[in-house]
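Chemist: Before I ask anything, let me first share the structure, which is written out below as structure tokens.
The values are calculated or read from the model by the stated rules, or taken from the named source; none is laboratory data. Quick caveat, the model's predicted, so the values are computed rather than measured. Every residue, glycine as well, gets a Cβ built from its backbone with ideal geometry; the counts of neighbours run over all protein chains shown.
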Amino acid sequence: MSVTTNDGGTIARRRIILILPLAVFLGLAALFWVGLYAGDPSLIPSALIGHPAPQTVLPPIAGLERDGAPVPGFDPANFKGAVTVVNVWASWCVPCHDEAPLLMQLSQDNRFRLVGINYKDAPDNARRFLGRYGNPFAAAGADQNGRAGIEWGVYGVPETFVVGRDARIAYKLVGPITPDNLETVLKPQIEKALAGS
């Protein structure tokens with residue numbers, strides 16, 4: 001009888017060994033599915049909210065002009081005392097093409113500055129992109145090696161930050177600006193920063 005018990009115990013252990021990896025796989029697949037489809041990626045929290053904007057100075061995009069004058073590079077020293085919207089973009093980014101007209105619309109509001117970080121892009125491509133859609137940026141820095149993106153905690157382009165008059169990051173939008181989130185999320189966050197709250 002003890003042999004039968006050992007065989008029964010061995011069979012039970014083998015079943016557990018076979019079922020356990022399958023259960024772990026199914027659990028991880030369920031977590032992945034929930035993260036992929038159930039969550040809003042624009043709600044990914046940023047550790048930088050409420051903290052001073054990174055002091056990353058970037059050179060201008062070579063040859064970029066606006067109204068016949070060279071567009072300056074990206075300098076966080078200009079954040080103090082003004083609300084600034086920082087858009088991280090690239091010519092190779094498909095959603096950046098979709099949000100470009102909305103950035104042009106946003107740039108018409110003179111109560112804040114709209115500046116850009118051109119992420120891992122070639123200057124010729126960046127200039128062509130802005131030539132096609134228009135240049136909404138008062139300043140645009142070239143982040144050719146991606147270092148500024150790391151310092152700003154960028155998950156992927158496009159991303160948009162609202163920086164308050166105190167030069168602290170007030171809000172971060174992950175993903176493209178859309179007609180919906182422009183009106184329901186981004187503009188209210190800009191208004192909040194302009195009000196100083």
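Chemist: So which residues in segment 143-163 are closer than 19 Å to Pro52 by Cβ, aromatic (Phe, Trp, Tyr) and not in a strand (DSSP E or B), if there are any at all?
Modeler: Trp152
Chemist: Condition test on Leu182, is it under 22 Å from Val83 (Cβ atoms) and in a helix (DSSP H, G or I)?
Modeler: Yes.
Chemist: Looking only at segment 38-61, count how many residues are among the aliphatic types (A, V, I, L, M), assigned to a loop (DSSP other than H, G, I, E, B) and at pLDDT below 95.
Modeler: 4
Chemist: Return only the number of the condition from (1) surrounded by fewer than 19 Cβ atoms within 10 Å (Cβ to Cβ); (2) under 19 Å from Ala69 (Cα atoms) that Glu151 does not satisfy.
Modeler: Going through (1) surrounded by fewer than 19 Cβ atoms within 10 Å (Cβ to Cβ); (2) under 19 Å from Ala69 (Cα atoms) one by one, Glu151 breaks only (2).
Chemist: Of all the residues that make up segment 159-186, how many are in contact with a helix residue (DSSP H, G or I) (Cβ under 8 Å, 6 or more places away or on another chain), of a type outside the set (Gly, Ala, Ser) and either without any contact (Cβ under 8 Å) to a residue 12 or more places away in the chain or more than 13 Å from Leu102 (Cβ to Cβ) (or both)?
Modeler: Total meeting the criteria: 5.
Chemist: Oh, and also: I'd like the full set of residues that are surrounded by fewer than 14 Cβ atoms within 10 Å (Cβ to Cβ) and of a type in the set (S, T, N, Q), limited to segment 154-197.
Modeler: Once the filter is applied, which keeps residues that are surrounded by fewer than 14 Cβ atoms within 10 Å (Cβ to Cβ) and of a type in the set (S, T, N, Q), segment 154-197 yields Thr184, Ser197.
Chemist: Out of (1) in contact with a strand residue (DSSP E or B) (Cβ under 9 Å, 6 or more places away or on another chain); (2) surrounded by 15 or more Cβ atoms within 10 Å (Cβ to Cβ); (3) not aliphatic (A, V, I, L, M), the odd one out for His97 is which?
Modeler: It is condition (1) that His97 fails.
Chemist: Quick check, is Asn118 buried (at least 20 other Cβ atoms within 10 Å of the Cβ) and either among the polar types (S, T, N, Q) or without any contact (Cβ under 8 Å) to a residue 12 or more places away in the chain (or both)?
Modeler: yes
Chemist: Kindly evaluate Asn135 against the criterion of being farther than 21 Å from Lys80 by Cβ, in a strand (DSSP E or B) and in contact with an Asp or Glu (Cβ under 9 Å, 6 or more places away or on another chain).
Modeler: Spelling it out, it is not the case that Asn135 is farther than 21 Å from Lys80 by Cβ, in a strand (DSSP E or B) and in contact with an Asp or Glu (Cβ under 9 Å, 6 or more places away or on another chain).
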